[in-house]
Amino acid sequence: MLRRWWEEAGSSTGGTRPTQQALAARLGIDQTTLSRYLNPKHLSTAPPRVVEILHTQLGAPAAELEQARTLCRTALRENGRKQGSDSTADQAADPADSADSADELGTNGPAGTSGRQRSRWLRRVLVSAAIMLAFTAGAFVNERLSAPDPKAVDTGAAGALSASEAPYEWPLLRMGEEDQFSRARALQNLLNAHGYKVLADGFFRQDTRDAVMDFQQRHDLAVDGKVGPLTWPELVKVVEHGSGAFEVRAVQELLNNVGQGGTAVSGKFTAATVQDLKFFQRTHGLAATGRVNADTWLALLVKQLPPVKAPAYQRGTSPLPSAPL
């Protein structure tokens, strides 16, 4: 069932099916483990929290969630019975182990144990501690990811950080010869959303600086050609369903480089984009509205990963702006 959810994801909404790498990042597990869960020929059973998050992330039919939960619980019970039977059989096959355990705990035989017995006891203690730690971590991640979206407006919901309260500062971009990657491409797409005509390739050249200076002049800002804490707030737009391709592409550029898995950069505000956006907002203390206001723009710009090679699709393929102002 999980495999079918993944294979059918995006077909009904017109979005793009997420990669297993992206899904694994959102779930907080490694890709190999996720692959086992999605492989019908493998006997690994996904835990309930993984099933529920996959159902949400993949947009699976609502009616199938309870069925998946039931199958998951049944499989886990069967695994538990099998493990219990195996444990009983092991003790019957090697009664010395039971005696060793009793000796190690001081309930059987004289005080003091052999090095082999102490090693067995220590190993069991460490395994038990690791299991408890994994269970606690899983419960924490489940609480964070399954929390319902708060009611929100542009100024944020109760408990959410605002741009003035968050410990973030708008990044400063200026003209230079180096590739400035996702932040510069987002800037160039935003300039195009305001009617300018610059190539969104990540290189802050003279054409980008000219557009920035013209924008600053039109908005009564200091005309210095640098994009910082005064220019960004005027430049960003609220992005939601119905927004233009350039501003949507700018958001997707930034979402694609925050370490939560790939986001398709298409210029279309798809259901997958909304899911990625809400996930980012929840994990950064923002109101999970699924729309981008100034607070979300600020967090996205600040949380960009260290520069990586610009994606192949970006080289000269940005949608052409209509006309310069």
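The values are calculated or read from the model by the stated rules, or taken from the named source; none is laboratory data. Owing to the predicted nature of the structure, the values given are computational and were not obtained by experimental measurement. Neighbour counts run over all protein chains shown; Cβ positions are idealised from the backbone, glycine included. Please note that ligands, DNA and RNA were not included when accessible areas were found on the heavy atoms of the full protein model with its side chains. Shrake-Rupley method; radii C 1.70, N 1.55, O 1.52, S 1.80 Å.
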Taking 267-276, 56-65 and ranking on average Cβ neighbours within 10 Å, highest first, one gets 267-276, 56-65
Is there a quick way to get the dipole size of segment 178-297? I mean about its Cα centre, with the Cβ of Lys and Arg at +1 and of Asp and Glu at -1; what is the value in debye to the nearest 20?
320 debye
Ignoring ligands, DNA and RNA, please state the percent of accessible area on segment 190-288 from carbon and sulfur, probe 1.4 Å.
49 percent
Order of 217-225, 245-253 by packing, highest average Cβ count within 10 Å first?
245-253, 217-225
Just add up the charged neighbours of GLY259: K/R +1, D/E -1, any other residue whose Cβ is under 13 Å from the Cβ of GLY259.
+1
